[in-house]
Structures are given as structure tokens and as C-alpha cells.
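Mind looking over this structure? Questions follow.
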Amino acid sequence: MAELHCHTTASDGVVSPEELVEIAEHMGLDVLAVTDHDTMEGALRARDHSLATGARVEVIVGMEVTTRRQDHIVGLFLERAPRIFRSVPDTVDEIHAQGGLAVAAHPFLGLPSSISPDRLRDALRKCQFDGIEAENPYMRKGSRDRLTAFLRDHSEGVGAQVGASDAHFGDLAKAVTLFEGRGATDLRRALEKRTTIPAVGRVSHPKPSLRAHLQNQYRSLLRLPVMRAGTVWRQWREA
Ligand SMILES: [Zn+2]
Ligand SMILES: [Zn+2]
């Protein structure tokens, strides 16, 4: 069982990468993809922690990449941080070029960070996704209907269907990805064969405190923009 989307204090999450690994280990997850906004720092720390402590849970280094139009794309199995604020096809191509897999995050929610059916349809003319978050805690009837309709016509280009929590408070496994086997290699194979199964996790987490919510908001609204500005500056200098 895998959790494929979560955040740490490296972006706008409120638990450290190390704590997140401990939570995943305690919950008995097989695979944990750490996918902070626009940085791989948390994922690398999480992977180091799981290796150093001999944890059973295997950490995949990922990143939730912000594109030019603010759509969110999750890159998995990454070697280096993809550039941010680029088009969806360019982002997907950059993830693929380093051997990573690209997943459309929390699609069709009608929010700025959530890709719309039109934009995904446009992108699929130029690139292929490896997966789509078909189960996540934000899904409502409207977004589910849009997803069902979309998958009817475009199941080829979007790849495997996965479940993911987009956890910011250590509240892992609200939505999970089931796959045959156990570790990250088996998961990758299942994604490529499109045999993964999205599922809703029956877990109960303590309600995040007001303090945790404020930390999340502070990081999301104040710290992330500053971090992204630095990233864009470095990208510009390296271009
Ligand atoms: Zn997102
Ligand atoms: Zn996220």
C-alpha cells in the first residue's frame, strides 16, 4: 500500500520529513512518496531517515511541481528538481527525461491549483501522463463526475489511476494506492502496467490544531512564494 502525495516542513506541511517517515512506518505503509511543493529537500531528508533507521517503509523522492498556469503535477522517482512555472507538457517531459513518472495531482476540482479537463486535454496532445489522482480527500460529486467523463475518452493518455492524500498534517493514507507486490520497484511496475487501484483509507487522525493550520497557512502564503522566487531566480541564471 502506497501513499503518493504528502508534504513536510520543507514546503507547507507541518510535520518534519523524519516525523512523516515515522508516521508512515507506524501505519504500516509499504511506500511513501514525499512530494513537497517545488522542492525535493524534504523528500531527500525523508529518504535518508528511512535508510538510516532501517525503516520498512520505502521512500520515493518526489516533488509537486507548480506549472506556469498554477496546475500541480506530481513527479515521482526524481533525481533532481524539475523547473517550476513551465508549461504542463514541458514539465512532464522534464520529469520523463530524468526517468521519473508524472501524475496529475487532485484533478478537476475547479480550484486554481487543480488542472481542468480542458487544460489536461490540451496537454495530452503533447505529452503522456503516467498517472492521475483518481482518489483524493478533496473529491466531491462534481469533480468525480468530471473525472469519470474524462477517463471515458482519455484513459490512455492519463496512465494509471492512483489514490493519494495530499497530506499536510501527517494525516497519511486518507487515500492510498494499492498495487501488487511491496516496494517502490513493484509500485513503479504497477504504475507502468496501469494495474494500480486507488482506494479510500479507513484511518482516523487527530484533527489538526489551530496552531497547525496557522503554520500551514503561514508556510503556504508567505514562505512558499519567497522560496519559489529564489528558485525562479536560480532557474533564470542557469538558463
Ligand atoms: Zn497541490
Ligand atoms: Zn500537495
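For the range 40-70, which positions are of a type in the set (Gly, Ala, Ser) and surrounded by fewer than 22 Cβ atoms within 10 Å (Cβ to Cβ)?
Restricting attention to the range 40-70, the residues satisfying the condition of being of a type in the set (Gly, Ala, Ser) are 42-43, 46, 50, 52, 54-55, 62.
ALA52, GLY54, ALA55, listed by residue number.
Considering GLY28, GLY54, which residue is away from ligand 1 (no atom under 16 Å from the Cβ) and closer than 25 Å to VAL200 by Cα?
Values: GLY54 fails: closer than 25 Å to VAL200 by Cα.
Exactly one residue qualifies, and that residue is GLY28.
Report, by residue number, each residue of the range 97-121 that is part of a helix (DSSP H, G or I) and in contact (Cβ under 8 Å) with a residue 24 or more places away in the chain. Reasoning before the result, please.
Quick first cut of the range 97-121, residues part of a helix (DSSP H, G or I) only: 97, 117-121.
Matches in the range 97-121: PRO117, ARG119, LEU120, ARG121.
Across the range 148-192, which residue is nearest to VAL61 (Cα to Cα) among those that are basic (Lys, Arg) and without any contact (Cβ under 8 Å) to a residue 12 or more places away in the chain?
From the range 148-192, those basic (Lys, Arg) are 152, 174, 182, 188-189; that's our starting set.
Those left that are additionally without any contact (Cβ under 8 Å) to a residue 12 or more places away in the chain: 152, 189.
Values: ARG152: 31, ARG189: 16 Å.
Of everything passing the filter in the range 148-192, ARG189 is nearest to VAL61 (Cα to Cα).
Looking for something within 12 Å of ligand 2 (Cβ to nearest atom), touching a Lys or Arg at 6+ places or on another chain (Cβ under 6 Å) and either closer than 21 Å to GLY230 by Cβ or of a type in the set (D, E, K, R) (or both) - is there at least one such residue anywhere in the range 46-65? Lay out the reasoning, then the answer.
Filtering the range 46-65 down to residues within 12 Å of ligand 2 (Cβ to nearest atom) leaves 62-65.
With touching a Lys or Arg at 6+ places or on another chain (Cβ under 6 Å) added as a condition, the list becomes none.
Within the range 46-65, not a single residue is within 12 Å of ligand 2 (Cβ to nearest atom), touching a Lys or Arg at 6+ places or on another chain (Cβ under 6 Å) and either closer than 21 Å to GLY230 by Cβ or of a type in the set (D, E, K, R) (or both).
Return the pair list, or none, for Cβ contacts closer than 7 Å from residues in the range 209-232 that are farther than 12 Å from ASP12 by Cβ to residues that are modelled with pLDDT of 95 or more and acidic (Asp, Glu), at least 6 apart or on different chains.
Partner pairs satisfying both residue conditions: THR231/ASP38.
May I pose another question? Could you list, in sequence order, all residues of the range 142-156 that are of a type in the set (Gly, Ala, Ser), more than 16 Å from ligand 2 (Cβ to nearest atom) and crowded, with 18+ Cβ neighbours inside 10 Å?
Those that are of a type in the set (Gly, Ala, Ser), more than 16 Å from ligand 2 (Cβ to nearest atom) and crowded, with 18+ Cβ neighbours inside 10 Å: none in the range 142-156.
One line per residue, one yes/no per condition, for (1) out of contact with any Ser or Thr (no Cβ under 7 Å at 6 or more places or on another chain); (2) modelled with pLDDT of 95 or more; (3) farther than 27 Å from ARG188 by Cβ; (4) not basic (Lys, Arg):
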position	(1), (2), (3), (4)
ILE115	yes, yes, no, yes
ASP118	yes, yes, yes, yes
ILE132	yes, yes, no, yes
GLU135	yes, yes, no, yes
TYR138	yes, no, no, yes
GLU156	yes, no, no, yes
SER165	yes, yes, no, yes
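Let me ask something additional. For residues that are within 18 Å of VAL162 (Cα to Cα) and either within 13 Å of the chain's Cα centre (by Cα) or crowded, with 24+ Cβ neighbours inside 10 Å (or both), tally how many sit in the range 109-121.
Summing the residues that are within 18 Å of VAL162 (Cα to Cα) and either within 13 Å of the chain's Cα centre (by Cα) or crowded, with 24+ Cβ neighbours inside 10 Å (or both) in the range 109-121 gives 2.
The values are calculated or read from the model by the stated rules, or taken from the named source; none is laboratory data. In this text, all values refer to a predicted model and were calculated from it rather than measured experimentally. Glycine gets a Cβ as well: all are built from the backbone with ideal geometry, and neighbour counts include every protein chain shown.
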